[in-house]
Amino acid sequence: MNNKLTYKIETLGCKLNFSETATIGKLLAERGIAPAAEGDAPDVCVVNTCSVTELADKKCRQHIRALAKRYPDALLVVTGCYAQLKSQEIAEIDGVDIVLGSEQKLDIAQYVDAWLADHRRTVAVTRTPDIRRFAPSCERGDRTRYWLKVQDGCDYYCSYCTIPMARGRSRSGTIAQLVEQARQVEAEGGKEIVLTGVNIGDYGKNTGEAFIDLLRALDAIEGIERYRISSLEPDLLTDEVIAFCAGSRAFMPHFHIPLQSGSDEVLRLMRRHYTRDLFARKVERCRELMPDVFIGVDVMVGTRGERPELFDESHDFLASLSVQHLHVFPYSERPGTLALRIPYVVDQRTKQERAARMLALSDAKQRDFIGRYLGTVRPVLLEQVHGAGPMHGFTDNYIRVNVTPDEALVNRVVPVRLHSVNADLTVEAEVVT
């Protein structure tokens, strides 16, 4: 293959997508296709799409059309969740040459090879029920931290969600495969790995292995100083997992636990697998074993069936919990979901008002949490310096800090004293020598 060919990738959506995108770039590079320099026209454009909301679909279409217009001579490949769900819709967009579903995403180099040979437009999408393969991915892109994909797909059919339709059934890599990937990170000098997936706590369904055993195996790799778990469903966040993380060598005091609603009635309409009491017990147990733990929470507002009193119930429940950050999503109608059968509809303006209330609560909680640590010293992994601004990093309990740039400190865990909090909830800090 001509080693002068170049590529450009645009990614929308979750951290799992970004992890897979980095692997796509690596696969193209192995074929002799290099990243395009800034300002240069690439020969291959890839859009790795998201379809979690209607707005995500819209953004994907905008990105696809913009790339087709800007680089009319480039091969344009579209993959990801939107491509899996609406492949024909994408294929009809002028300029799109290849559409690849979730199963084909990491076979992209072979499809590019075939197109270069015959310029034949291709739509390759496996029916979602037939998606069985687990495609490994462990990359850092241009960051310091690595993302290790340990699981894909989901067997939870929540009423509002299209992810099982986009990514297929739950499946995982084996412990041996994932440990080998983590050891490669160790060999490259990586210090922190974030475990990613669609429903991570469901790990091991196809391998007969247990999530807790994966955590134990990863914790034994001494060169990796930090692990974080990107998200764990509350019903799958077992007391055993909490206790292990609390006493482990390298798992940080940091959890992200999706709640979606603090109303049991709304949770039932959503077809979630827990009650708010169970969620509260999990938060309490985390805090009991890890007093410094940072807990982030996914919250959806304006879902079908969320009457005003149920939103207030959800808001008040979250206000009562010792959690530090709310990742707030206004509900979006998704074709083919069971939620469309629920008759009570929340208008767009009300959704935005509810989101604003939840975000205000989140800011207050996070600011209060950060305030407890001002003046203290915490370990921080400092990230790659970008531009002329400050150097960034996260404490063990996920407080983002700014320090004076020093290239010698990149990818090192160092003690940092926290001084003052900014409007954007970053903290001005200094390295303690």
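The values are calculated or read from the model by the stated rules, or taken from the named source; none is laboratory data. Keep in mind it's a predicted model, so treat the numbers as computed, not measured. With ideal geometry, Cβ positions are generated from the backbone for all residues, glycine too; neighbour counts draw on all protein chains shown.
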Please find, among Asp57, Asp40, Asp94, the residue that is buried (at least 21 other Cβ atoms within 10 Å of the Cβ) and acidic (Asp, Glu).
Asp57
Of the conditions (1) among the charged types (D, E, K, R); (2) under 27 Å from Ser87 (Cα atoms); (3) surrounded by fewer than 21 Cβ atoms within 10 Å (Cβ to Cβ), Arg143 fails just one. Which one is it?
(2)
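Among Thr350, Thr303, which is surrounded by 21 or more Cβ atoms within 10 Å (Cβ to Cβ), of a type in the set (Ser, Thr, Tyr), modelled with pLDDT of 95 or more and over 25 Å from Val401 (Cα atoms)? Give the steps one after another, and end with the answer.
Details: Thr350 fails: surrounded by 21 or more Cβ atoms within 10 Å (Cβ to Cβ).
After applying the criteria, what remains is Thr303.
When you go through Glu383, Glu430 one by one, which is the residue that is surrounded by fewer than 20 Cβ atoms within 10 Å (Cβ to Cβ) and within 18 Å of Tyr227 (Cα to Cα)? It would help to see each step written out before you state the result.
Working: Glu430 fails: within 18 Å of Tyr227 (Cα to Cα).
Checking each option against the conditions leaves just Glu383.
Out of Arg133, Arg216, Arg183, report the one residue that is of a type outside the set (Ser, Thr, Tyr) and part of a loop (DSSP other than H, G, I, E, B).
Arg133
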Considering only residues that are basic (Lys, Arg) and within 21 Å of Cys14 (Cβ to Cβ), which ones fall in the stretch 61-107?
Arg61, Lys86, Lys105
Quick one: is Ala246 in contact (Cβ under 8 Å) with a residue 24 or more places away in the chain, assigned by TED's automatic domain parsing to the domain that holds Gln181 and either of a type in the set (S, T, N, Q) or under 20 Å from Cys138 (Cβ atoms) (or both)?
no
Could you please give the count of residues in the stretch 255-281 that are over 24 Å from Arg354 (Cβ atoms) and either buried (at least 24 other Cβ atoms within 10 Å of the Cβ) or not assigned by TED's automatic domain parsing to the domain that holds Val345 (or both)?
1
